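Student: To start, I am sharing the structure in question, which I have written as structure tokens.
The values are calculated or read from the model by the stated rules, or taken from the named source; none is laboratory data. Only a predicted model underlies this, so the values are computations on that prediction, with no experimental measurement involved. All Cβ positions, glycine included, derive from the backbone under ideal geometry; neighbour counts span all protein chains shown. These area figures cover heavy atoms from the full protein model, side chains too; ligands, DNA and RNA do not enter into them. Shrake-Rupley method; radii C 1.70, N 1.55, O 1.52, S 1.80 Å.
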Amino acid sequence: MLEGITKISEVEWEVPVGYVPGMRVPGRFFLSEDLSETLEGGAVQQLANVATLPGVVRYSLAMPDIHSGYGFPIGGVAAFEEDTGVVSPGGVGYDINCGVRLITTPLTIADIKNPRALIEELFRTVPTGVGAESTMRLSEADLDDLMADGVDWAIDHGFGMAADAEHCEEKGQMQQADPAAVSKKARQRGRPQAGTLGSGNHFLEVQAVDAIFDPEAAKAFGLEAGQICCMIHCGSRGLGHQVCTDHLRVLESATRKYGIEIPDRQLACAPVHSPEGEAYFGAMAAAANYAWVNRQVITHQVRTVFARLFGIAYEEMPLVYDVAHNVAKREEHDVDGKRQTLCVHRKGATRAFGPGLTEVPQAYRSIGQPVIIPGSMGSSSYVLRGTATAMARTFGSTCHGAGRVMSRTKAKHATPGREIREELLKQGIIVRATSDASIAEEAPDAYKESDKVVDVVRRAGLSLPVVRLHPVGVIKG
Amino acid sequence: MSFEELPHQADVRVRVRAEDCNVLFAEAARAMFSIMYVTCDEGEIERRVSVTSDDMQSLLIDFLSELLFVSEVDRVVFSSFDVVITGTSLTATARGEPFNPAKHLGGMEVKGVSYSGLTITRDGEGFCSEILFDV
């Protein structure tokens, strides 16, 4: 382990106050000994930097998929008091509400006679890659409504079922959304892209449930052994990127205006209830709603393909759940025995609310919310469930994925995309992308093993495994 | 090439060197588009960009962010840039070709240009900048 870090338990570590100047609280991160060699000094420094921000509560936290980002580390979680704390785009990132969802089907692996045909049809149907545009033509008024109403807009326009909204974090709509705080530029970028996958680590994957760890929870989530599911990972596209860019510029000035000292300009911030802080939060929430619509429209496209190819009903493909990875939220948490509203930032981390909470859909309330952890390309994904421990320790948060250990460019040069595609095909996994180069950058070797990351959050009690999903075919964005 | 990639696990970090700040900014833009599109050829399309910022770091970020915006909404892949900086303002002419999915595949979408680790320093007789792109 890196010097200056204190061991709390086999899977928890403390970055003491003083690790960087100005820390108000310690940092805490979750990592096993065998993953500790993947830890970058830069990521710990970023974790410590977050601890210098005003109003930070208890700890600056990071999950076991921690790696170096900008502003916050990836895997970072921090909560801020409403009255004395700040909101920062550095704790959310450019891809606002990048997130992941899982839909089930009534099919089993034996029903997929021609997986290649399925993947090709999905690839033709879902716009994918840099520069891809939606088939939807949104007016300015549509975009306003979409940003205000979130997933309900998509459902009202024929892109889903009423039950879908209930199975999204925040019911797929952050009510604080303020479309008026979203610039003309962001709107220009967003109008052609609603319902597009994007590129990078975004994907659409057909998977089969290959292990069940918690039968009761699996049953509640509607998951069965051998069942074919579909996982969708994407975010708010250019609209979200522009919202971050625009408001970062404003918050840079606001940081100086409010006399806040920050160790990294990407941590530009403003008091939660300042005009600048409110404007960012409203625009970010509008972009988050856009991202939920994006995933909902893609869900509709996927259901349409499955219904056509397999003769199953649209209604037989329910949404298990949809979680956000990059977002700031107003949430109520117990702090030192008192109920407090906090501004919780999760950047590359997942909400993992435990049993009994009203924020968890009724059908899952006795279990805890589903937590969806995508694996890297070609490796297993997991569905976990949120816990009371996460509520007590991490503001109800857990990991978001495998976490990179190799740069995209190094990965591109390490193994050609064609070789990776052929190797995965030998394992029975079809990979389809706009180009082999984009396959190489997401090579399985470029990531920590998702099994190990999930094992850390299990041992720490932050979330508990329910099922494992094995990839059948992946469309790489 | 007057830019090189530096190690970074999640995103793309580049170092750009140039004899003056005008060329430094132009090379930074060229680096960004080479991340996004791999193949960026000369073209007939021209766009003028003007940016004013508080300081040089912000100017670089605002300039690159503006190019990202123009490139995406006008569907242009830029390959060459003439930049003239005056104080903390700049005007630039960007040249390129229409985005063509068949030709411009295989790159990485740049989501944003980060302040984290951003440097602009004197480098002997010239200038050097390190920039982190969120991809």
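Student: For the range B:54-80, enumerate the residues that are more than 12 Å from chain A (Cβ to nearest Cβ) and open to solvent by 20 Å² or more (accessible area, probe 1.4 Å).
Tutor: Those that are more than 12 Å from chain A (Cβ to nearest Cβ) and open to solvent by 20 Å² or more (accessible area, probe 1.4 Å): B:Met56, B:Ser80.
Student: Could you please let me know if A:Gly417 is modelled with pLDDT under 95, in contact with a strand residue (DSSP E or B) (Cβ under 9 Å, 6 or more places away or on another chain), buried (at least 20 other Cβ atoms within 10 Å of the Cβ) and not charged (D, E, K, R)?
Tutor: yes
Student: Mind checking whether some residue in the range B:87-96 is of a type outside the set (Asp, Glu) and in contact with a Gly (Cβ under 7 Å, 6 or more places away or on another chain)?
Tutor: yes
Student: Could I ask something else about it? Before we move on, is B:Gly43 out of contact with any helix residue (DSSP H, G or I) (no Cβ under 6 Å at 6 or more places or on another chain), under 24 Å from A:Gly69 (Cβ atoms) and surrounded by 15 or more Cβ atoms within 10 Å (Cβ to Cβ)?
Tutor: Spelling it out, it is not the case that B:Gly43 is out of contact with any helix residue (DSSP H, G or I) (no Cβ under 6 Å at 6 or more places or on another chain), under 24 Å from A:Gly69 (Cβ atoms) and surrounded by 15 or more Cβ atoms within 10 Å (Cβ to Cβ).
Student: All but one of (1) in a helix (DSSP H, G or I); (2) touching a Phe, Trp or Tyr at 6+ places or on another chain (Cβ under 9 Å); (3) open to solvent by less than 50 Å² (accessible area, probe 1.4 Å) hold for B:Arg30; state the number of the condition that does not hold.
Tutor: (3)
Student: With (1) in a loop (DSSP other than H, G, I, E, B); (2) away from chain B (no Cβ under 14 Å) as the list, and A:Ser376 as the residue in question, which single condition is left unmet?
Tutor: Of the numbered conditions (1) in a loop (DSSP other than H, G, I, E, B); (2) away from chain B (no Cβ under 14 Å), the odd one out for A:Ser376 is (2).
Student: While we're on this one: Out of the range B:81-116, which residues are in contact with a His (Cβ under 9 Å, 6 or more places away or on another chain) and among the small types (Gly, Ala, Ser)?
Tutor: Across the range B:81-116, the qualifying residue is only B:Gly112.
Student: Could you list, in sequence order, the residues of the range B:75-98 that are closer than 17 Å to B:Arg30 by Cα and free of Cβ contacts under 8 Å to residues at least 40 places away in the same chain?
Tutor: B:Arg75, B:Val76, listed by residue number.
Student: So, one more: Within the range A:415-436, which residues are touching a Phe, Trp or Tyr at 6+ places or on another chain (Cβ under 9 Å) and more than 10 Å from every other protein chain (Cβ to nearest Cβ)?
Tutor: Answer for the range A:415-436, where residues must be touching a Phe, Trp or Tyr at 6+ places or on another chain (Cβ under 9 Å) and more than 10 Å from every other protein chain (Cβ to nearest Cβ): just A:Arg432.
Student: Can you give me the ranges of the strands (runs of 3 or more DSSP E) entirely in the range A:302-357 with at least 2 residues that are open to solvent by 50 Å² or more (accessible area, probe 1.4 Å)?
Tutor: Answer list for the range A:302-357: A:326-335, A:338-347.
Student: Another one. Mind telling me which of the residues A:Cys269, A:Cys230 ends up being closer than 29 Å to A:Glu133 by Cα and touching a residue at least 60 places away in the same chain (Cβ under 8 Å)?
Tutor: After applying the criteria, what remains is A:Cys230.
Student: Could I ask something else about it? Out of B:Ala102, B:Ala92, which single residue is within 16 Å of B:Val23 (Cα to Cα) and among the aliphatic types (A, V, I, L, M)?
Tutor: Matching residue, one of B:Ala102, B:Ala92: B:Ala92.
Student: Also, I was wondering about something else. Look through the range B:116-132, keep the residues that are more than 14 Å from B:Pro7 (Cα to Cα) and within 14 Å of chain A (Cβ to nearest Cβ), and return whichever of them is surrounded by the fewest Cβ atoms within 10 Å (Cβ to Cβ).
Tutor: B:Thr119
Student: Now for a different question. Condition test on A:Leu122, is it more than 14 Å from chain B (Cβ to nearest Cβ), under 22 Å from A:Ser438 (Cβ atoms) and crowded, with 22+ Cβ neighbours inside 10 Å?
Tutor: Spelling it out, A:Leu122 is indeed more than 14 Å from chain B (Cβ to nearest Cβ), under 22 Å from A:Ser438 (Cβ atoms) and crowded, with 22+ Cβ neighbours inside 10 Å.
Student: Count, please, the residues in the range A:428-454 that happen to be in contact with a Leu (Cβ under 9 Å, 6 or more places away or on another chain), charged (D, E, K, R) and part of a helix (DSSP H, G or I).
Tutor: Matching residues across the range A:428-454 total 1.
Student: Also, I was wondering about something else. Can you pull out every residue in the range B:87-115 that is within 8 Å of another protein chain (Cβ to nearest Cβ) and assigned to a loop (DSSP other than H, G, I, E, B)?
Tutor: Listed by number, the residues that qualify are B:Phe99, B:Pro101, B:His104, B:Leu105, B:Gly106, B:Gly107, B:Met108, B:Glu109, B:Lys111.
Student: Quick test of your reading of the structure: B:Val49 fulfils all but one of (1) farther than 23 Å from B:Thr119 by Cα; (2) surrounded by fewer than 22 Cβ atoms within 10 Å (Cβ to Cβ); (3) out of contact with any Gly (no Cβ under 6 Å at 6 or more places or on another chain); (4) in contact (Cβ under 8 Å) with a residue 12 or more places away in the chain. Name the failing condition by number.
Tutor: (1)
Student: Please find, within the range A:442-455, the residue that is most open to solvent (accessible area, probe 1.4 Å) out of those that are within 18 Å of the chain's Cα centre (by Cα) and away from chain B (no Cβ under 14 Å).
Tutor: A:Glu449
Student: Could I ask something else about it? Which of the residues belonging to the range A:15-40 are open to solvent by 40 Å² or more (accessible area, probe 1.4 Å), closer than 20 Å to A:Thr398 by Cβ and touching a strand residue (DSSP E or B) at 6+ places or on another chain (Cβ under 7 Å)?
Tutor: Across the range A:15-40, there are no qualifying residues.
Student: Which one is nearest to the other protein chains (Cβ to nearest Cβ), of the residues in the range A:381-414 that are within 24 Å of A:Leu469 (Cβ to Cβ) and free of Cβ contacts under 8 Å to residues at least 60 places away in the same chain?
Tutor: Only one residue tops the list, namely A:Met406.
Student: Further question: Among the residues of the range A:304-338, how many are touching a residue at least 40 places away in the same chain (Cβ under 8 Å), more than 30 Å from A:Gly93 (Cα to Cα) and touching a Phe, Trp or Tyr at 6+ places or on another chain (Cβ under 7 Å)?
Tutor: Residues meeting the conditions: 2.
Student: Next question. Could you figure out which of (1) away from chain B (no Cβ under 12 Å); (2) touching a residue at least 40 places away in the same chain (Cβ under 8 Å) isn't true of A:Ile439?
Tutor: (1)
Student: Quick test of your reading of the structure: A:Ile8 fulfils all but one of (1) modelled with pLDDT of 95 or more; (2) touching a helix residue (DSSP H, G or I) at 6+ places or on another chain (Cβ under 9 Å); (3) surrounded by fewer than 24 Cβ atoms within 10 Å (Cβ to Cβ); (4) of a type in the set (A, V, I, L, M, F, W, C). Name the failing condition by number.
Tutor: (2)
Student: Just wondering, is there one or more residues in the range A:293-300 that are closer than 30 Å to A:Gly473 by Cβ, open to solvent by 10 Å² or more (accessible area, probe 1.4 Å) and not in a strand (DSSP E or B)?
Tutor: yes
Student: Answer yes if at least one residue in the range A:184-192 is closer than 21 Å to A:Asn326 by Cβ, within 14 Å of chain B (Cβ to nearest Cβ) and buried (at least 24 other Cβ atoms within 10 Å of the Cβ), and no otherwise.
Tutor: Looking through the range A:184-192, at least one residue is closer than 21 Å to A:Asn326 by Cβ, within 14 Å of chain B (Cβ to nearest Cβ) and buried (at least 24 other Cβ atoms within 10 Å of the Cβ).
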